[in-house]
Structure formats: structure tokens, C-alpha cells
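Structure first, then comments.
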Amino acid sequence: MLEVTSPAGIRDILNRYQLACRKSFGQNFLIDRNIAGKIVAAAELQPDDLAAEIGPGLGALTTRSAGSAGKVLAVELDRGLLPALAEVLAGLDNVVVIQGDALEIDFDRLAQEHTGGVYGRDARQYKLLANLPYYITTPLLLRLLHEHYNISLMVVMVQLEVAARLTAAPGTKDYGALSVAVQYFTDAKLLFRVPKTVFFPVPAVDSAVVRLVLRQKPAVPVKDEKTFFQVVRAAFGKRRKTLLNSLAGSDMAIAKDLWKDVLHNCGIDPARRGETLSLAEFARLSDSLLEVRNG
Ligand code: SAM
């Protein structure tokens, strides 16, 4: 098996296949074996686990996951990289590389198709690993969560600043709609920081590895998930305004007087800022909206 975890190794294989690192695909390859090992270790892969990887690149994580998991499904967008990746993965017969866009692929169906229905929707849960291409981090994580894929655990490397948002507490500067969504669906923990110098080419910012353990049930019960997330987005829409003005100025098109009744009904001060509300308070607010609306 070929190890491509040094700048020279990456340059060599890219040259041989006449490739260049594609910035537009977020291609910053990991060149630190120790960190690759720590990411895979954090997923606690077992011989009967199915692991899905987003963006295998030149296989820094893939080769290690293959050594621990039963099977690895690696989804790579860049068609041009595939011959080089195939060389790196030669001999690993439990890895399947799928050319596709992680923003569009149905992961449950993919899991089902490649395991004869053992994993996927209404079947066994699988794990997800990625050194994420930064340009899709937020939409991708939101999609993976909102689609309710049958994933038990995600271990992802993201920009440090995004890692802070995923794990932020109410009232802090990093707390936003992304924090609420991630914490509603998962138990999120920042595991360790990763300096930018361990990537080739070196990106502009540092990174961090985050572990998201999917909850059996959401962190707070809500009457309607869609309304809950609409309210969360509306509350964070205008950060320097009061909660009441953010809600009334949002695209939910609900009159200010109705919002006053909703806030009064659930005992939340309309003069607060949206970013100070806990998940439980957002749940109360969205349930109260449903009650007041339905009379
Ligand atoms: N896993 C490798 C590593 O750790 O060295 C590569 C990580 S690199 C930051 C991100 C990888 O994701 C690249 O290989 C890139 O081509 C791929 N990628 C970018 N956009 C993607 C998408 N929408 N779906 C799947 N893969 C994507």
C-alpha cells in the first residue's frame, strides 16, 4: 500500500497523473500520519462497522479506516483524482470509491446498495468520517442532519472557527443557527485543534476535529421540527436587534402583535437578543407559535 502523507509524496503522485491540487474543490491534503490516525481512532471503528467517507482525496484517512472498519464507502467529487486514489488504495478490497457529490448523494441508499440492505435506512447505523472541503462544510452538515440519515457518529475535520460554532453555548459570539441545529441533533464535542501546517498546500486557517454523536431523540422535544428551525433562523436573522424585531422582520411574515402574544405566552422577554436563547427556549417559542396560531 502506498502512503501519500508527505508534500513530496503528494507532488510525486499528482505529477505522475498530471494533476494539480484543486482549490475550488477544497483540496488541502492531510500530511500528518499521527493526526490521520487520531481522526480514525476517534470514530472507534469496529470490524463490523460500515464507514462512509466524504472526500477521500489521496486516501490519508481512507487507508486507515479500511484497516479498522468492515467496509468503507468513499465519496469523491473530483473524477480526475480517481486513478491516483485507486493506486493508493490498491489491495484494499473493503474500500469502494464512489464518484459523486456529497451534497447530493443519498447516503442511506448508498449504504443499503453496498451492503445488501444491512446498513442504511431502517437497518444498521453507519459512521461518517471526513476531512471536509471547507467550502461545503455548513450546507453539508445541515443536510446530513436534516435528512435524518441513519448515522450513529460523525468525526469531521473543519475550520477551527466552524468547530467553535458547532459547539458554542448560548450567549457566546459563536452561537448561531448552525450551533442550534447541530446540538439539537447531536452531542457535539471539539476533540482537538489541528495546525494549518499539516496540510498540503497550507490553507489560510487552522482546523479542528469534531465528534458528533447522533442523538436517539432530539435534545429538546418540539411539536414541529420545521417550525422550530424556521423560528431559529428568524431569531438569528438580525443579530443586533431584539428578539421581537428579528422575528417580526423575518421572512416568516407574521405580524409583530402576534409575535408579542407568542413571546408572552411562553414567558420569553421580547427585548432579549435571539443569540441568548437556549435550545429549550427555542422549543418553547416555536411550540408557543403553533399554539397561538392555531388559536
Ligand atoms: N481526505 C483527504 C485528506 O484528508 O487528505 C482529502 C481532504 S480535502 C480537504 C477534501 C476532499 O473532498 C478533496 O479530495 C475534494 O476533491 C473532495 N470534495 C470536494 N467537494 C466534494 C463534494 N461535494 N463531494 C465529495 N467530495 C468532495
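The values are calculated or read from the model by the stated rules, or taken from the named source; none is laboratory data. Bear in mind the structure is a predicted one, so any value in this text is a computation, not a measurement. Note: ideal-geometry Cβ built from the backbone for every residue, glycine included; neighbour counts use all protein chains shown. Note: accessible area is taken over every heavy atom of the protein model, side chains too, but ligands, DNA and RNA are not part of it. Shrake-Rupley method; radii C 1.70, N 1.55, O 1.52, S 1.80 Å.
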Query raised in the report: Which FRET efficiency value, to the nearest 0.05, is calculated for LEU258 and LEU191 with the Förster distance at 41 angstrom and r the Cβ-Cβ distance?
Result: 0.40
Query - Alpha carbon convex hull of segment 7-214, projected area averaged over orientations, nm² - result: 10.8 nm²
**Report entry** Heavy-atom SASA rank of HIS148, HIS114 (probe 1.4 Å, accessible area, largest first)
**Finding:** HIS148, HIS114
Report summary line: Of every hundred units of 1.4 Å-probe accessible area on segment 7-214, the number belonging to carbon and sulfur atoms, as a percent, is 51 percent
Report summary line: Looks like segment 154-295, by Cα gyration tensor root eigenvalues a ≥ b ≥ c and the a/c under 1.5 rounded cutoff (else prolate when a/b is bigger than b/c, oblate otherwise), is prolate
Query raised in the report: For ARG293 and ALA271, what is the calculated FRET efficiency with R₀ set at 22 Å and r taken between the beta-carbons, to the nearest 0.05?
Result: 0.45
Query raised in the report: Under the Karplus relation 6.51 cos²θ - 1.76 cosθ + 1.60, θ = phi - 60°, what is the ordered set of whole-Hz ³J(HN,Hα) values for segment 72-88, x standing for Gly and Pro?
Result: 10, 10, 10, 9, 10, 6, 7, 4, x, 6, 4, x, 5, 5, 4, 5, 5
Query - In order through segment 151-159: 3J(HN,Hα) via Karplus (6.51 cos²θ - 1.76 cosθ + 1.60), integer Hz, x for Gly, Pro - result: 9, 8, 7, 10, 10, 10, 9, 9, 4
Report summary line: Going residue by residue through segment 5-13, the Karplus relation 6.51 cos²θ - 1.76 cosθ + 1.60 with θ = phi - 60° gives ³J(HN,Hα) values, rounded to whole Hz and with x marking Gly or Pro, of 10, 9, x, 5, x, 5, 4, 4, 5
Requested in this report: Between ALA255, ALA36, ALA163, find the one with the highest GNM mean-square fluctuation for the chain; connect C-alpha pairs within less than 10 Å.
Outcome: ALA255
Report summary line: Using eta = 0.692 mPa s and T = 37 °C, Stokes-Einstein with Kirkwood Rh from Cα pairs puts D for segment 225-293, in µm² s⁻¹, at 288 µm²/s
**Report entry** DSSP-assigned coil residues among trypsin sites (Lys or Arg not before Pro) in segment 120-183, each with at most 15 further Cβ atoms within 10 Å
**Finding:** ARG121, LYS173
Query - Label-point separation, ARG143 to LYS241 (7 Å along Cα→Cβ), nm - result: 3.0 nm
